[in-house]
1. Sort 53-61, 223-231, 37-45 for me by packing, meaning the mean count of neighbouring Cβ atoms within 10 Å per residue, highest on top.
2. Using the alpha carbons of the stretch 83-195, what is the convex hull volume per residue in cubic angstrom, as a whole number?
3. Excluding L122 itself, calculate the net charge of residues whose Cβ lies under 13 Å from the Cβ of L122, where each Lys or Arg counts +1 and each Asp or Glu counts -1.
4. What does the charge dipole of the stretch 34-150 about its Cα centre add up to, to the nearest 20 debye, if the Cβ of each Lys and Arg holds +1 and the Cβ of each Asp and Glu holds -1?
5. Which order do the peptides 121-131, 164-174 take when ranked by the mean count of other beta-carbon atoms within 10 Å per residue, highest first?
6. By average Cβ neighbour count within 10 Å, what is the ranking of 78-86, 66-74 from highest down?
7. Which order results if E200, E233, E120 are arranged by neighbouring Cβ count within 10 Å, fewest first?
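Every number in this text was worked out from the coordinates using simple rules, so none of it is lab data. No experiment lies behind these values; they were computed from the predicted model shown. Cβ sites come from the backbone with ideal geometry, for glycine too, and all protein chains shown count toward neighbours.
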Amino acid sequence: MLNPGETRTGKRREEQAAHGLKVLTIVRRRVPTPSVVYDTYWRFAVERQEIYFRRLLGRPAPWTDDSVLREHKFTNAYRASDRVSQYLIQRVIYPHDYSLRDTVLRILLFKIFNKIETWEFLGEALGQITEATFRVGQIGALLARALDAGARIYSAAYIMPSGPASIRQPRKHLMHLELLADILGQRVPERLAAAKTMAEAYELLLSLPSIGPFLAYRFATDLNYSPYFTLSEMEFVMPGPTRARSARSYRAARHRYITGTLRTAARLRTSIARRRGLHASPRDSRVHFEQGGALRGGDLPDRGCA
C-alpha cells in the first residue's frame, strides 16, 4: 500500500536499493521543440547585433524601432568592446612589452577590482605596476586610505568574495593582494602559460582560493586577450550564474549541454536566424577585433544579459 505522496516508481526504487540492487534510470532524449521564448530570443539577438553595426557605420539614432532595445541598456554585443575591457586591452595589457609574470599580475590586479579609477589611483602612486613594484603592504595601505576617504575601490559589476576563513583579512582588499602574491610565489603565471586549452586555464584559476566558476572563466578570458595566451574560446564556454545556479550544475553540464549549446549558437547563429525569417548580418566575421570581430565563446554567456 502506498503512503500519501509516494509513487509506485519511487517505492520500487527503494525496495531495489534495500536489496542491494543498482537502480538504472533510462531517460529518453527528445528533439527540443522551439518555443515562443526561443523565437523571441533570436529576434532580440539579431536586432541587437544590427544595432551594433548601425552605430559602427555612423548611422544616426535611433538605431532600432524596438522600444525595449531603444530605451533600455544592455551588455555590449562583444565583451571585448565594452569600456572596461577596452581599457584593459589598451591601457593595462598593451602599453608596453611586459613579461609574462608582469602581464598576468597586471590583468588579475586590474580585474579583481575591475575599476578604472582604482587602477589609475595605484598607477599614480606606484608608476609602472609590475612585479618589481608590487608590495602588498604598500598597496594595501594606499587602498585603505582611499576607503577611509570614502572611495569605492571595487566595481559594482560583480561581487568579489571575501574568501574562506583560512585566508580572510580584516579588509577584503588585503586578502586579494595576498592572493596575488601567492599566485606569483606559486608560479601560477607559468602554469597558466603551459595550459593547452581554455578548460585547463579555467581549472587552474578555479583551484585558487576564493575564485569560483564565474570569476575563473572571466579571468581566463581576460588573460586570453594578452599575447601570451592564444587559447580557443570555442572549445570551452562557462555560463554565468544566471545560466547555472549551483556548483553541481556547473560541473555536470559544462562540457555537455550548456557548453555545446552555446558553442552551437555561435557557429549556427546566422542560419538559425534566417530559418526564423530574421536577417542576421554575416559582417561580424570581417570586423576587426577591436571593433568586435567574430563572436567568441567569451561573448556568449552574457549575450542575453541586460
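1. On the way: 53-61: 11.2, 223-231: 17.6, 37-45: 14.1.
Packing order, densest peptide first, comes out as 223-231, 37-45, 53-61.
2. Cα convex hull per residue, to the nearest whole number: 119 Å³.
3. Details: positive: R91, R106, K115, R135, R145; negative: E117, E120, E124.
Here the count lands on +2.
4. Values: 16 positive and 14 negative charges, 12 e Å.
Computed charge dipole of the stretch 34-150: roughly 60 debye.
5. 121-131, 164-174
6. Working: 78-86: 17.8, 66-74: 11.4.
Put in order of decreasing packing, that is 78-86, 66-74.
7. On the way: E200 16, E233 20, E120 12.
By the 10 Å Cβ count, ascending, the order reads E120, E200, E233.
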